[in-house]
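Novice: Supplied in structure tokens, the structure appears directly below.
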Amino acid sequence: MISFNGLVAICLAYVVLLFAVAFTADRLARLGRGRWLRSPLVYTLSLSIYATAWTFYGAVGSAVRSGLEFVAIYLGPSIVMFGWWWLLRKLVRIGRSQRITSVADLISSRFGKSNLLAVLVTLLSVVAATPYIALQLQSVTVSFEVFGASTTAGAGAEARASNSPTAFWVALGLALFTVIFGTRNLDANERHHGVVMAIALEAVVKLFALMTVGIFVVWGLSGGVPETLARIEASELGQWQIDGGRWAGLIFLSGAAFLCLPRMFQVLVVEAADEDHLRTASWAFPAYLLAMSVFVMPIAVVGLDLLPEGSNPDLFVLTLPLSQGAEGVAVLSFLGGFSSATSMVIVAAIALSTMVSNHIVMPLWLRLTGGRASISGDVRNVVLTARRVSIVSIVLLGYVYYSVSGGGAALAAIGIISFVGVVQVLPSMIGGIFWRGATRTGAIAGLVTGSVIWLYTFFLPSIGLPIFSETLMAEGPAGLSWLRPQALFGIGGIDPMLHALLWSLSLNSLAFFGGSVLSFPSPVERLQGAQFVNIFQHSGGPRSWASGVAQTEDLLIMAQRILGPQEAIALFAREARAQGGRGDLPEPRPDFLETLERELAGSVGAATAHAMIGQIVGGTSVSVQDLMAVADESAQLMEYSARLETQSAELSRTARQLREANDKLTRLSVQKDSFLSQISHELRTPMASIRAFSEILRDSGGLSEAEQSKFASIIHDEAIRLTRLLDDILDLSVMENGRVHLNLREGRLSEVLDRAVASAAAGEGKGAMEIRRNRATEDHAITTDLDRLAQVFINLISNAQKYCEAARPRLTIRVQDLGESLAIDFIDNGHGIPREARDVIFEKFSRISDQKAGGAGLGLAICRQVLERLGGTIAYMPGEGGAAFRVMLPRGAALAAAE
Amino acid sequence: MSKRLLLIEDEPNIIEAISFILSRDGWQVTSHVSGRDAVDRIRREAPDVVILDVMLPGKSGYDVLQEIRNDDALSGLPVLMLTARGQDKDRELALRAGADRFMTKPFSNTEVLEAVRAMVPAA
């Protein structure tokens, strides 16, 4: 007889085998090899977690108690798999393109990323799954105890079970296994290759175990197929009458639960490698279930015949071989049950922990930390820790439930209660993916309604809380008989499961529908609704996940566009070296993807980077939330670039101003240089004469008196010329600097002209020029600086004297009254000023070069400055024959820039 | 036979001064006031030495000098340049244009005399 310890050793060895398989699968997947790991067969086998210990052990028990009823539990999923293939395909497509991680995520995504909904679904799922996990713990514990009891030949195995430490150790072991394989790394798509592979192996083990027991029973104990059929005919089980309502209810319930169970959703949608695998699974999975159920009836009938009265039919699969001394078959059977239980607990714990950490722990943590460190590696660790803690908590919760409830209830009954709980998600799920009008309010209303009814009518009564006393069950709370938990609204007398299912789901659906019709969806909800309902229009054809290399190439192409070719190639090469691989392309491992995402985030923002990498690596399409985050970032970038543009415009304006200022300074500097050079020339010329003649006077002996006198006069004249030049320069400089003081007086224009003519005639002794005036026109009263005005006139007259080359030079001075101002014209009878020179004559030192220079070329410049001060103008008048200048003088006191 | 000197200068007082100094030293001095036909005058008179002002009406002294140096018959003619602009770049321009001597105004009579003597050694 195998010892208890021996059994433990076998279990441990089995677990080690599972570890090895899971580890190898993970490794192969990471290396990009082992695509066969993601075959339709593996997918189908992983779906077999539907068949838990409940079905492995409980099906026989169910058959003993209720005949063929257990078949309903298999029929539901088979119908869904085979008949509702299109529905599953839609779910898988949505799950893929929206990167759905769980049932809660699906519901919350569909209804505008509502976290409230996610929390609701998560809580419902955890509550519903807890008894189910307890059930698995119980089955493993009990099966251990069966072996222990058989060695001590005791019958009270089950009674001891709930107090045994075995359950605790089993729970702990399962939690550990799940933590190790479920949270080794964070996959963006929540896929776990290793775990799926281990589960597929377990699926094979449990089918093989059940078949072996069946074959042993049919051919070993019963003596062959005909004999077994005869036994069934003879047994009272053959007389079982079908209860139409319950039968249909069970089929519906199991089918719905198949879609809604968190663990089923995990393997069906989240872990799905390829949409096309559904095609195979649609017939292979029903075939698997059929194979699982073929021998249930024979085992039940033979067990009833051979085992003593009162034996627990739930354990026939184990006790029948044991009682016949077929220890090998019994151990295999035990492993089959163990596999069923462990695979369910592992996947359920992974699925639930994903929900708990994503929708409860992370939002809380982010709120507590105020959203700091949202991109840093911090989050990763927090998520992993949250997952791990969640897994342990969920499994321990199952253990607590198991300890508290005493583990006495029939296995199948607990399973049904869980099923009714999880199917409350069904209206929101189906409605959400087929009806665009479904809204968040409707989903919340439906879920809350359904969950409350389920808790009240089914779940809470089942765990035997004190408030659900017999009185309450019989008379309703506070005597309200229409609120009796198992006869709501006075409709009693039907099966409690059917009662709970009908009321919870119908009211759930009603609330969902009503809430949706009466409320309006938010924009995000509308978008998500359209995405979900029209998923096949939105997401092209089904795609397989590309191999690692292809992904890396796509990533490289993308990275080159963003980072620039050289940098991207360098980054990839660096990462490839860091990974120790050959070639320039690294494997798309998480750490590499993280690095890449960080690099890209620097250029395009975190949300965009994440969406881009997810798009390529996950084969997912970009979700609305991603798009919105991208839009937010783009808006920020645009705002930023607008700011930069403004700054750059300001800078270029400033630069232009600086350039202009610099040009002006350069021009001024050139002007100053040329001014100095001109001054130098104008000063040196008279000085040269002065020096030359003074040297002559000093050094030359024997000069005649006439010579001496002549030379002295030259020196004298040149000295005066110098003085006048310096006066002019100072004058001009003062006026240009605006520091001139005007001495405004009233006077008569004719008198000023008289003075000027007299002065000019006296100055150079060139009285040859005839000056014509019309005194009658000159008699105007003016208020201005009379001396300055005279200076201008003198300048103009002496210019005419110097430059008029006519044989009989003549200057006409003409005065016109133009109303606002007086025009005084000076017109000589010379050749005039060449057209090209007219623009420059008012500039300093501008002399018309071919002529004999008398002055320094400052005269007209001074005239212009003076008139500017006096509020008038001076301009050259073309078309008058000779040189002609017009002075415009404002009348009265209209002296614009006087001071 | 005394040497002949042509003075090309537009300032009458300077013409007078230089003519006086050089005449007393035995030079035969003639003068010309414009840059435009200065070279023609040189060809006509064929002086032994030329004193050339830079700032001339019609054509600058540099251009006149250039023309002198480009003319095979005149290329060896000694030229003393006079300018009222005393900057280094003026001196450079003058020497590059081919002036034998360069002097800024105001000049010393003695220096002018010595420079002219040095350029044309008495026969």
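Any read-out appearing in this document is the output of simple, stated calculations on the displayed coordinates, not a laboratory observation. What you are looking at is a predicted structure, and each value in this text was computed from that prediction instead of being measured. Every residue, glycine as well, gets a Cβ built from its backbone with ideal geometry; the counts of neighbours run over all protein chains shown.
Novice: Starting from the Cα gyration tensor of region A:630-728, take the square roots of the eigenvalues, sort them a ≥ b ≥ c, and report rounded, prolate or oblate (rounded when a/c is under 1.5, otherwise prolate if a/b is larger than b/c, else oblate).
Specialist: Note, shape of region A:630-728 comes out prolate.
Novice: To the nearest 0.05, what FRET efficiency results for residue A:172 and residue A:368 with a Förster distance of 30 Å applied to their C-beta separation?
Specialist: For R0 = 30 Å, the calculated efficiency reads 0.55.
Novice: Let me ask another. Gaussian network model of chain B, Cα springs within a sub-10 Å range: biggest mean-square fluctuation belongs to which of B:22, B:65, B:80?
Specialist: Most flexible of the set in this elastic network: B:22.
Novice: If R0 is 25 Å, what FRET efficiency do you get for residue A:663 and residue A:736 from their C-beta distance, rounded to 0.05?
Specialist: 0.80
Novice: Would you please state which residues of region A:673-691 a label at residue B:87 would reach in this model, taking the label point 7 Å out along Cα→Cβ and a backbone N cut-off of under 13 Å?
Specialist: A:673-681
Novice: What number, rounded to the nearest 500 deg cm²/dmol, is the helix-based mean residue ellipticity at 222 nm of chain B, given -39500 (n - 2.57) per DSSP H run of at least four residues and division by all its residues?
Specialist: Per the formula, -12500 deg cm²/dmol.
Novice: Once the Cβ-Cβ distance between residue A:723 and residue A:637 is put in as r, and R0 is 60 Å, what FRET efficiency do you end up with, to the nearest 0.05?
Specialist: Computed FRET efficiency for residue A:723 and residue A:637 comes out at 0.25.
Novice: Just subtract the alpha-carbon distance of residue A:495 and residue A:68 from 0.36 nm times their residue separation and send over the number in nm, one decimal.
Specialist: Full extension from residue A:495 to residue A:68 adds 152.0 nm.
Novice: Return the long-range amide H neighbours of residue B:3 (sequence gap of 5 or more, or a different chain), with a cut-off of under 5 Å between placed amide H atoms.
Specialist: Long-range HN contacts for residue B:3: B:28.
Novice: Region A:208-308: percent of C-alpha pairs farther apart than 21 Å?
Specialist: 53
Novice: State, to one decimal in nm, how far the label point of residue A:836 lies from the label point of residue A:806, with both points 7 Å from Cα in the Cβ direction.
Specialist: About 2.7 nm, to one decimal.
Novice: Report the trypsin sites (Lys or Arg not before Pro) located in region A:682-772 that are in a DSSP loop and have at most 11 other Cβ atoms inside 10 Å of their Cβ, or state none.
Specialist: A:739
Novice: With a ≥ b ≥ c the root eigenvalues of the C-alpha gyration tensor of region A:782-828, is it rounded (a/c under 1.5), prolate (a/b larger than b/c) or oblate?
Specialist: Oblate is the answer for region A:782-828, as a/c is 1.5 or above yet b/c matches or exceeds a/b.
Novice: Does region A:730-847 come out rounded, prolate or oblate, given a ≥ b ≥ c as the square roots of the eigenvalues of its C-alpha gyration tensor, rounded meaning a/c under 1.5 and, failing that, prolate meaning a/b above b/c?
Specialist: It comes out oblate by the Cα gyration axes.
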